[in-house]
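*Asks:* Got a structure for you, written out below as structure tokens; questions coming shortly.
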Amino acid sequence: MQRLYHQRIPGDSITTPEFAQRLAASSTEIGQPVCAYLNRRGQVIRVGVGTPRQTQIPPLELPRYGEGRLSGIRCIATQVKPEPPNESALTAMAIQRLDALVILTLTGSGFQRRGGGGTGYIKETYLAHLVPPTAEENNGNLTTPLAPIPYYLSPPQSLDMLSAQDFLDLVDNLEAELQREFIAQTVESDGDQVLLVGMKTEGISPQRFEDGLAELVRLVDTAGGRVLETVRQKRSRPHPQTVVGDGKVQEIALTAQTVGATLIVFDRDLSPAQVRNLETRIGIRVVDRTEVILDIFAQRAQSRAGKLQVELAQLEYNLPRLTGRGQAMSRLGGGIGTRGPGETKLETERRAIQRRIARLQTEVNQLQAHRSRLRQRRQQQEVPTIAIVGYTNAGKSTLLNVLTSSEIYAADQLFATLDPTSRRLTIPDAITNEPQTAVLTDTVGFIHELPPALIDAFRATLEEVSDADALVHVVDLSHPAWQGQIESVMKILMSMPITPGPALLAFNKIDQVEGETLRFAQEEYPQAAFISASNALGLETLRQRIGQLVHYVSTLS
């Protein structure tokens with residue numbers, strides 16, 4: 001088997017009878033399947049004992065020729081049983097994007113196994129290769145595709161017929177078709193092509209799981225990506241190394257190759273080790289839900305304070321994930337094989353990030369102190385402050401605009417507003433009904449399981465909520481999961497170091513709600529205000545409720 005590495009096959013041949021017989025002889029000798037991987041120059045680059053699935057090359061070790069291309073490697077494998085390649089072999093071919101997969105089935109009789117027959121060690125051969133998803137049947141030999149990968153599998157043929165085929169012509173034509181398919185997909189898309197992975201564990205209801213996936217689709221869309229497909233799995237608990245387990249990783253890798261995904265997004269937080277393991281196995285960049293949210297925040301930050309807090313959150317998130325990132329950095333560790341020049345670059349990057357985090361922490365503390373002085377000044381003037389809180393895209397900025405005649409940015413997007421904005425609001429006094437002035441502050445939207453890195457970095461912004469005299473909790477009543485959103489917001493509010501003041505529920509977008517849902521919410525929350533900020537419905541009632549809330553807070557103090 002070692003001498004197989006010294007063999008070389010002509011560039012225009014899939015294999016030669018001599019090489020195939022030598023490979024089959026080695027397989028017969030040890031009684032195990034053997035796989036040889038060759039590049040387009042006809043050089044053997046890898047020999048392994050086992051099936052194509054067992055000996056496949058890790059995606060990160062494969063040559064990268066760009067999208068719409070194959071890997072430039074073909075696999076010639078032996079198989080003891082005289083049958084076509086099975087699903088696992090074809091899946092391994094798809095994951096590696098092999099130029100071709102050749103299966104050599106061994107002869108059954110001892111006489112022929114010793115090389116005495118005309119066929120030598122080989123009974124028959126099969127040739128398989130990928131085809132574009134839109135390809136039509138080729139001479140009636142296109143099999144029912146492995147969902148969802150389409151492939152061509154030849155009927156059984158002799159070794160001589162296989163060796164006579166022009167390999168370069170086959171690959172050139174195939175890559176031309178794949179390139180046309182890729183260009184067509186590129187024209188239709190802009191940005192990352194995303195494959196979502198969702199995992200339902202115990203304690204999560206089916207509805208909550210689907211709502212979470214739907215929200216993640218919107219997050220990806222807001223970040224500028226396009227979701228191509230979603231892979232779901234149900235497990236009792238996450239796999240410690242790959243989250244989803246070995247079998248599902250193979251399915252994810254296959255699906256990503258099929259749909260042309262350039263990014264894998266998981267619906268949960270991943271540890272640095274899990275990200276590295278997944279990227280090694282799949283060969284495509286993997287991010288979690290937190291990283292998608294951080295990317296959105298980075299796009300939305302406009303003010304210096306917002307950019308400062310976003311950068312701090314990103315650095316704190318990326319610091320533990322620095323190990324193993326990039327070809328120029330070796331992995332951090334101690335012992336044989338982990339020391340070397342690459343470690344210097346890694347440690348230099350780590351220390352630079354730590355110094356930058358320290359400087360940003362200082363600036364955030366200064367920002368906190370500045371905001372605190374502004375709030376103290378308002379308190380000395382006895383001006384009540386009301387903070388608008390709620391789930392992202394509930395309509396908080398739209399409500400602030402219509403109540404205060406402002407023109408801050410508001411859009412039907414997740415996290416459209418990142419920087420807190422304060423405006424003067426006129427509300428009626430609860431006793432005299434005379435107009436009085438209050439300060440209304442729009443805050444960053446909340447989301448289910450708000451990442452800890454964001455909570456820590458945005459503590460200067462979230463203090464606007466903690467120090468407000470009262471809250472207006474805006475709820476998007478038109479959202480199917482509005483009750484879960486209320487629970488998520490309340491959970492975040494209760495987790496703050498300083499418990500916020502009393503809150504008034506304001507159910508927004510009532511013009512988009514069915515009557516049954518509206519009646520249910522009115523029965524469950526009789527003290528709430530029901531409004532449509534975009535259509536200016538119920539705003540006077542809301543002002544009166546806010547005035548009553550401010551009066552209630554003043555009596556408590």
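The values are calculated or read from the model by the stated rules, or taken from the named source; none is laboratory data. In this text the structure is predicted, and so the values were computed from the model without any measurement. A quick note on method: Cβ atoms are made from the backbone with ideal geometry, for glycine too, and the neighbour counts reach across all protein chains shown. These area figures cover heavy atoms from the full protein model, side chains too; ligands, DNA and RNA do not enter into them. Shrake-Rupley method; radii C 1.70, N 1.55, O 1.52, S 1.80 Å.
*Asks:* Between H473 and residues 5 or more places away or on another chain, which pairs have amide H atoms under 5 Å apart, with H built 1.01 Å from N, and which residues are they?
*Replies:* Residues meeting the amide H criterion: V389, L504, L505, A506.
*Asks:* Continuing with the same structure: Using Cα positions and a limit of under 25 Å, work out the lysines in reach of K234, with same-chain residues fewer than 8 apart set aside.
*Replies:* Straight-distance partners of K234: K200, K248.
*Asks:* How much of the accessible area of region 257-302, probe 1.4 Å, is carbon plus sulfur, in whole percent? Mind showing how you got there, number by number?
*Replies:* On the way: 650 of 1450 Å².
Whole-percent figure for carbon plus sulfur exposure: 44.
*Asks:* Could you order the peptides 21-34, 223-236 from most to least packed, using the average number of other C-beta atoms within 10 Å per residue?
*Replies:* Details: 21-34: 18.7, 223-236: 16.6.
Taking the mean over residues of other Cβ atoms within 10 Å, the ranking is 21-34, 223-236.
*Asks:* Amide H to amide H under 5 Å from V34: which residues, 5+ apart in sequence or cross-chain, H placed 1.01 Å off N in plane?
*Replies:* So V34 has HN proximity to G50, T78.
*Asks:* What whole-number distance in Å separates the alpha-carbon centres of region 244-276 and region 4-82?
*Replies:* Between the Cα centres of region 244-276 and region 4-82 lies a distance of 26 Å.
*Asks:* Report the one residue of I455, A394, I353 whose Cα lies farthest in the direction of the positive end of the charge dipole of the chain (charges on C-beta: Lys and Arg +1, Asp and Glu -1; origin at the Cα centre).
*Replies:* Going by the charge dipole, the pick is I353.
*Asks:* Just to confirm, what accessible area per residue do you get for region 388-451 at 1.4 Å probe, in whole Å²? Don't skip to the answer; put the middle values down first.
*Replies:* Details: 2510 Å² over 64 residues.
Accessible area per residue, region 388-451: 39 Å².
*Asks:* Do any chymotrypsin sites (Phe, Trp or Tyr not before Pro) in region 369-474 lie in a DSSP loop with no more than 16 other beta carbon atoms within 10 Å, and if so, which?
*Replies:* On the way: sites: Y391, Y409, F415, F446, F458; in loops: Y409, F415, F458.
Those satisfying the criteria are Y409.
*Asks:* Could you work out [θ]222 nm for the chain from helices alone, using -39500 (n - 2.57) per DSSP H run of at least four and dividing by all its residues? Round to the nearest 500 deg cm²/dmol.
*Replies:* Counting only the DSSP helices, I get -13000 deg cm²/dmol.
*Asks:* Another question, if that's okay. By Kyte-Doolittle mean hydropathy of at least -1.0 and Cα axial length of at least 24 Å, which whole DSSP H helices of the chain are selected?
*Replies:* Details: long enough: 167-188 (32 Å, 0.03); 206-223 (26 Å, -0.17); 341-380 (59 Å, -1.63); 539-556 (26 Å, 0.08).
Both cut-offs are met by 167-188, 206-223, 539-556.
*Asks:* Keeping every protein chain in place, order R268, R281 by accessible area at 1.4 Å, biggest value first, i.e. largest first. Each step should come with its number before you reach the end.
*Replies:* Details: R268 50, R281 75 Å².
Of R268, R281, the descending order of accessible area is R281, R268.
*Asks:* May I ask you to compute the full-extension gain from L537 to E516, defined as 0.36 nm times their residue separation minus their alpha-carbon distance, rounded to one decimal in nm? Don't skip to the end; give the middle numbers.
*Replies:* On the way: separation 21, 0.36 × 21 = 7.56 nm, distance 1.87 nm.
Residue separation times 0.36 nm, minus the Cα-Cα distance, leaves 5.7 nm.
*Asks:* Could you give the size of the charge dipole of the chain about its Cα centre, using +1 on the Cβ of each K and R and -1 on the Cβ of each D and E, expressed in debye and rounded to the nearest 20?
*Replies:* Roughly 2180 debye, rounded to the nearest 20.
*Asks:* While we're looking at this one, here's another question. Computed from these coordinates, which is percent of Cα pairs over 30 Å apart: (i) 51; (ii) 54; (iii) 62?
*Replies:* From the options (i) 51; (ii) 54; (iii) 62, the structure gives (iii).
*Asks:* Still on this structure, I have one more. Once you put a point 7 Å from the Cα of E434 and another 7 Å from the Cα of M490, both along the Cβ direction, what distance in nm separates them?
*Replies:* A separation of 3.7 nm, rounded to one decimal place.
*Asks:* Would you kindly state how much longer the chain becomes between Y5 and R235 on full extension, computed as 0.36 nm times their sequence separation minus their alpha carbon distance, in nm to one decimal?
*Replies:* Working: separation 230, 0.36 × 230 = 82.80 nm, distance 4.32 nm.
Gain in length upon complete extension: 78.5 nm.
*Asks:* If packing is taken as the average count of other Cβ atoms within 10 Å, what order do 152-162, 543-553, 500-510 fall into, highest mean first? Intermediate results must be reported in sequence, preceding the final value.
*Replies:* On the way: 152-162: 16.4, 543-553: 19.1, 500-510: 21.5.
Descending packing order for the listed peptides: 500-510, 543-553, 152-162.
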